[in-house]
Amino acid sequence: MTAFEWVPAFAHGLVRDLRVRWALEEIDEPYDTELFNARNPRPEEYLARQPFDQVPAFREGDIDIFETGAILLYLGEQDERLLPKDGQPRWTALSWLFAALNSIEPFLVPITIYDLFHQDKAWMPEAREAALTICRKRLSRLTDALDGKDWLAGQFSIADITMITVLNNLRHTEIVAEYPALVAYKARGEERPAYKRALEAQIADYAQEAA
């Protein structure tokens with residue numbers, strides 16, 4: 001799996017290789033990382049593996065995959081601890097995997113971008129407020145869908161790995177705190193030993209470059 005050897009401190013735990021690391025830790029699957037410098041373009045040949053010059057790209061044997069949703073689906077197909085094999089639980093998990101990537105994340109990331117990179121722009125407050133209105137609607141719908149469940153598909157799955165890491169995009173704000181069910185949901189995920197190991201491994205890779 002490819003990852004970065006360094007990112008700014010505010011991005012620790014946000015780079016998307018964390019999702020893949022977490023899934024691999026959940027199924028006790030060892031992995032190696034190929035590290036790139038985030039401040040420099042990746043080698044030209046890397047575009048054959050990841051056309052958008054991002055991380056992670058994943059390789060197992062003669063299989064190459066990019067995009068975290070696709071990688072998580074690949075891993076889920078191999079182990080029921082990540083994805084139910086049959087019936088409605090499987091399709092519920094897959095629906096929420098795609099919902100996290102398509103119906104939640106695109107409405108959270110703009111707030112992060114405005115806050116971290118455009119604070120000094122005159123247009124930012126109005127744009128952020130518009131984005132926040134949509135964001136809150138999406139988080140309200142997510143809260144309603146959880147409806148007292150521990151996990152989105154009943155059992156823990158790749159849907160939860162994706163959704164919890166998506167919610168991390170707002171960790172610099174108090175927005176998620178407006179939804180106690182989401183706070184508890186996120187905490188359940190981050191208390192899992194596999195999540196802790198994945199985060200420690202990601203931070204350890206950054207520490208190597210700093211040393």
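Every read-out reported here was derived from the displayed coordinates using simple, explicitly stated rules and does not represent laboratory data. Computed from a predicted structure; not experimentally measured. Virtual Cβ from ideal backbone geometry, glycine too; neighbours counted across all protein chains shown.
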*the stretch 52-124: GluC sites (Glu not before Pro) in DSSP loop, at most 13 other beta carbons within 10 Å*: GLU77
_Correct option for Cα Rg over 2.2 N^0.38 Å [calculated from the coordinates] among (i) 1.03; (ii) 1.36; (iii) 1.07_ = (i)
*If you look for lysine pairs in the chain that are eight or more places apart or on different chains, how many of them have Cα atoms under 24 Å apart?*
6
_Ranked GLU25, GLU105, criterion: other C-beta atoms within 10 Å, fewest first_ = GLU105, GLU25
_Give the residue list of chymotrypsin sites (Phe, Trp or Tyr not before Pro) in the stretch 100-154 that are DSSP loop and have at most 16 other beta-carbon atoms within 10 angstrom._
TRP123
*Cleavage-rule hits (GluC sites (Glu not before Pro)) in the stretch 117-211: DSSP loop, at most 12 neighbouring Cβ within 10 angstrom*: GLU174, GLU191
_Packing-based exposure ordering (other Cβ within 10 Å, fewest first) of ARG59, ARG128_ = ARG59, ARG128
*So which helices of the chain fit the span-like rule, where a helix is a whole DSSP H run, its Cα atoms reach 27 Å or more along the axis, and its mean Kyte-Doolittle is at least -0.5?*
124-146
*At 222 nm, what helix-only mean residue ellipticity would the chain give, in deg cm²/dmol to the nearest 500, using -39500 (n - 2.57) for each DSSP H run of four or more?*
-16000 deg cm²/dmol
*Could you list ASP86, ASP115, ASP160 in order of exposure, starting from the residue whose Cβ has the fewest other Cβ atoms within 10 Å?*
ASP86, ASP115, ASP160
